[in-house]
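Shown next, in structure tokens, is the structure this report addresses.
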Amino acid sequence: MIELAPSILSADFARLGEQVSAAALGGGTVIHVDIMDGHFVPNLTLGPPVVKSLRKTTDLPLDCHLMIENPDQYIPEFAAAGANWISVHQEVCPHLNRTLHLIKSHDCQAGVVINPATPVETLSEVLDIVDYVLVMSVNPGFGAQKFIPGTLTKVRRLVDLRAEKGFDYRIEIDGGVALDTVAEVVRAGAEILVAGNAVFGHGDPKINAAQLLKAAVEATLLKV
Ligand code: DX5
Ligand code: ZN
């Protein structure tokens, strides 16, 4: 099943509740929340108080993508603020197994993220415990960047590994997903589509989300 996860990074933060509702009306079923610390990535965004406010405005799952160093220190706070899914970057977690179990211990879905330059093989020892794998299709830090097509090889690899080994993670993709890239993304096997600029960057988020989801579903139907 394909799910659209609108990323609030490109939303109008002064009208966040309203924008999230519009994206949900357009078919978004997960709200993607980008947390950046100015160290792991060269940008700053938001923290648990904003997640707490968002929690009051939507019943949809909040997917917190932690682009921060030392995520263990903040996972309990994000979970308490209302995060439902929490993902951490492989590149900053020397004790990845422990970190993923920490997320699960707070009753959140646990995800692991890989940057464009990080191979799928670095996840071989955790693929049996993660709920989802997030493949970055841009270098993290900013919205509205250009999609990196080579990252789809990793999505295909994750599809194959799941079938071969009987894993049950879902595959999420993040960065540059838009009307001109969504078909190849879905055909590669991505199931949770993060989209920021394509949903919130212009016009009406409800219409944008609906169009993107429609294009994604059509691409799935053509896959066979
Ligand atoms: C980038 C973030 C993304 C970002 C995607 O570091 O992780 O979630 O919002 O934005 P678009 O869809 O505009 O590429
Ligand atoms: Zn993200």
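Structural descriptor for the chain: relative contact order 22 percent, calculated from alpha carbon pairs under 8 angstrom and at least 6 residues apart. Local charge for Ala23 was computed over the other residues whose Cβ lies under 14 Å away, with Lys and Arg +1 and Asp and Glu -1, and equals -4.
Defining a contact as two alpha carbons under 8 Å apart and six or more residues distant in sequence, what relative contact order in percent does segment 113-224 show? RCO, segment 113-224: 24 percent.
If you take every residue apart from Thr122 with its C-beta less than 11 Å away from the C-beta of Thr122, what net charge results, scoring Lys and Arg +1 and Asp and Glu -1? The answer is -2.
Across segment 158-198, the convex hull enclosing all Cα atoms gives 54 Å³ per residue. Charging the Cβ of each Asp and Glu at -1 and of each Lys and Arg at +1, and nothing else, the dipole of the chain about its Cα centre rounds to 300 debye.
Counting Lys +1, Arg +1, Asp -1, Glu -1, what net charge surrounds Gly82 among other residues with beta carbon under 12 Å of its beta carbon? Spelling it out: positives minus negatives among the neighbours equals -1.
Mean residue ellipticity at 222 nm, helices only, the chain: -10500 deg cm²/dmol; runs of at least 4 DSSP H residues each add -39,500 (n - 2.57), and the sum is divided by the number of residues. About its Cα centre, segment 155-204 has a charge dipole of approximately 220 debye under the convention of +1 per Lys or Arg Cβ and -1 per Asp or Glu Cβ, with nothing else charged. Using only side-chain charges placed at the Cβ, +1 for Lys and Arg and -1 for Asp and Glu, the dipole size of segment 36-134 relative to its Cα centre rounds to 360 debye.
Every number here is computed from the coordinates shown, using simple stated rules; none is lab data. Treat the numbers as computed from the prediction; the structure is a model and nothing was measured. Quick reminder, even Gly has a Cβ in these numbers, built from the backbone with ideal geometry, and neighbours come from all protein chains shown.
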